[in-house]
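First up is the structure itself, then whatever we jot down about it.
The values are calculated or read from the model by the stated rules, or taken from the named source; none is laboratory data. Just so it is clear, the model here is predicted, and its values are computed rather than measured. Positions of Cβ are backbone-derived with ideal geometry, glycine not excepted, and every protein chain shown enters the neighbour counts. Surface accessibility is based on the protein's heavy atoms, side chains included, excluding ligands, DNA and RNA. Shrake-Rupley method; radii C 1.70, N 1.55, O 1.52, S 1.80 Å.
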Amino acid sequence: MIDQETPDGGRVGLRVDITRAREQQAALEAARETAEAAVRAKSAFLANMSHEIRTPMNGVVGMAELLCDTPLTEEQRLFADTIRSSGEALLVIINDILDYSKIEAERLTLNPEPFDLERVIHEVAMLLQPQARAKGVDLMIDFDMFLPTRYVGDPGRLRQVLTNLVGNAVKFTALGHVLIRVVGIAAEPGAQQLHVTVEDTGIGIAAENLDLIFGEFNQVDNAANRRFEGTGLGLAITRRLVERMGGAVWVDSEPGRGSCFGFRLSLPVAEDAGGHPATVTLKRGLVVDDQYINRTILDRQLQTCGMQAVLCRSGAEALALLQGDADFDVILVDHDMPEMDGLAFVQALRGAGVVAPVLLMSSSPVTARELPGADAVQALLQTPLLRADLYRRLQDLAPGTATLPAPARRLRVLAAEDNRTNQLVFRKMVRDLDLDLVFAGNGREAVALFSSFAPDLIFMDISMPEMDGRAATQAIRALEAGAGHPGGGHVPIIALTAHTIEDDGAELLAIGMDRYLTKPLRKSAICEVLETYAPGRLLGTSQVQGNAA
Ligand code: ADP
């Protein structure tokens with residue numbers, strides 16, 4: 001009802017029946033709620049479905065990987081390999097759908113914790129290195145020397161963003177390089193603005209498609225692109241994740257020349273950020289690498305730890321230089337160079353009587369170790385280099401530092417896993433590693449074995465009958481805190497999660513786990529964990545080679 005007085009003292013009244021409008025509004029309200037509930041239900045359904053599909057895929061991919069390691073005829077190898085790669089492709093799709101539905105259902109929360117950004121980038125590069133290597137594409141990291149490496153953020157989600165960007169860069173590049181670069185922009189009090197870019201020399205993207213690719217299910221559809229698989233969800237997820245972290249993503253690209261994807265983030269610097277880079281007592285290093293970018297990165301890295309670096313483009317150039325000046329404390333040489341490769345160079349070097357220690361940088365140290373010339377090398381470094389790794393190797397070469405003594409006993413590993421198939425997969429994956437491996441079928445057994453078997457490292461499935469991985473971890477941490485554990489100390493516990501919608505990495509770390517791996521397990525992930533938590537403890541796999549005599 002609206003009543004109004006007119007200037008001449010009269011009264012105008014308006015009466016409107018709004019019952020219909022009210023009803024309509026209520027109906028709209030109800031319809032919106034139903035629609036929202038339906039979307040949430042659909043997303044939850046997708047998430048649950050994806051999870052259910054993942055579990056059996058664990059067996060499929062894991063077993064296929066193991067099958068590929070057995071003697072097979074060429075035809076059988078092709079079949080087994082196809083099962084494995086198809087399984088992995090399917091897993092990528094499932095993961096994307098799962099994540100996307102999590103974001104849609106607003107179930108995605110970030111779990112900030114202190115982490116090492118350089119290490120995360122390195123891990124991503126290591127995972128994608130095999131694909132890059134297979135194509136002859138150089139994968140490089142350039143982490144701003146003056147930037148802290150430890151920040152507070154969600155490392156799992158950042159790893160995902162980087163995996164998407166670097167994965168795409170490798171996928172769409174047939175020749176040249178992929179360069180991951182981290183630069184510090186403005187330092188705010190306690191926080192750091194970071195620019196992370198992933199640059200490739202691949203097929204590039206046409207201007208009219210640049211806006212589309214960050215959308216859902218969008219892929220550039222043209223002849224050059226059609227042979228690539230994918231869901232078109234990767235960049236949509238990437239954009240949403242970065243925005244959720246308060247950052248922004250962008251892309252620059254030119255068809256035929258390459259692309260550069262980047263994102264900007266402001267992250268708090270972790271309080272425990274270790275100050276300055278290690279000082280190395282070596283004085284002068286020779287760098288032999290055909291890649292300009294690598295040479296420059298190494299130059300800066302050596303300078304930062306107080307060394308002088310001399311750079312050479314090829315083995316021939318270095319050999320010529322060494323004839324007049326062989327006064328180097330270390331020679332860093334890339335394995336994969338045209339004309340004279342790193343190992344041929346080392347052989348020529350030794351032939352010429354140069355005795356300086358050599359560090360060989362290789363994208364595949366395991367293969368390189370078996371090749372002729374490898375015994376004349378002091379250590380093999382996995383590329384892209386992790387600075388800490390490089391400094392450690394350099395420091396190992398300093399006079400007076402002995403190489404690691406051989407461990408006296410085998411590493412004891414406890415794996416708590418109730419599922420038989422998963423146990424089998426795990427056992428087979430570590431069978432080359434010369435471990436003492438014991439399984440627990442549930443959390444209770446794991447706690448008992450913790451006391452009786454005294455493992456050096458524990459892999460702990462989260463969902464197990466009787467006592468789950470969380471409760472078992474808490475029990476073990478309580479034992480460690482009390483006097484119950486003979487050795488005292490802290491045994492690393494690696495959670496094995498099934499990547500469900502409920503899995504919460506931060507919570508797992510908070511209850512005392514050191515790290516979590518998502519199933520299906522990969523041999524490379526297990527090895528990486530062993531290398532991290534028990535460095536140099538794997539018998540027969542030590543990377544330190546005998547001295548060149
Ligand atoms: P997917 O890779 O699963 O198809 P994305 O959302 O990650 O989905 O990428 C969407 C599309 O963007 C890709 O299909 C491709 O056409 C294009 N694209 C992404 N990264 C690159 C790159 N580095 N070089 C060329 N094209 C790219």
- Task: Look through VAL287, VAL269, VAL366 and report the one residue that is among the β-branched types (Val, Ile, Thr) and open to solvent by less than 30 Å² (accessible area, probe 1.4 Å).
- Result: VAL287
- Message: I'd like to check which strands (runs of 3 or more DSSP E) are fully inside region 247-342 and have at least 1 residues that are free of Cβ contacts under 8 Å to residues at least 60 places away in the same chain, farther than 22 Å from LEU397 by Cα and within 16 Å of the ligand (Cβ to nearest atom).
- Response: 248-254
- Message: Is it the case, given these coordinates, that VAL242 is assigned to a strand (DSSP E or B) and modelled with pLDDT of 90 or more?
- Response: no
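Would you mention how many residues in region 160-178 are of a type outside the set (S, T, N, Q), more than 8 Å from the ligand (Cβ to nearest atom) and open to solvent by less than 40 Å² (accessible area, probe 1.4 Å)?
Total satisfying the criteria: 7.
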- Message: So, in region 36-61, how many residues would count as being in contact with a Ser or Thr (Cβ under 8 Å, 6 or more places away or on another chain) and buried (at least 19 other Cβ atoms within 10 Å of the Cβ)?
- Response: 5
- Item | Selection from region 188-215 of residues that are away from the ligand (no atom under 16 Å from the Cβ) and under 22 Å from the mean Cα position of the chain (by Cα) | GLN192, GLN193, LEU194, HIS195
- For region 233-246, name all the residues that are more than 10 Å from the ligand (Cβ to nearest atom) and in contact with a Gly (Cβ under 8 Å, 6 or more places away or on another chain). MET245
- Task: Among what's in region 435-467 and is of a type in the set (Asp, Glu) and open to solvent by less than 50 Å² (accessible area, probe 1.4 Å), pick the residue that is nearest to ALA481 (Cα to Cα).
- Result: ASP456
- Take PHE143 and decide whether it is closer than 20 Å to ASP514 by Cβ and away from the ligand (no atom under 16 Å from the Cβ). no
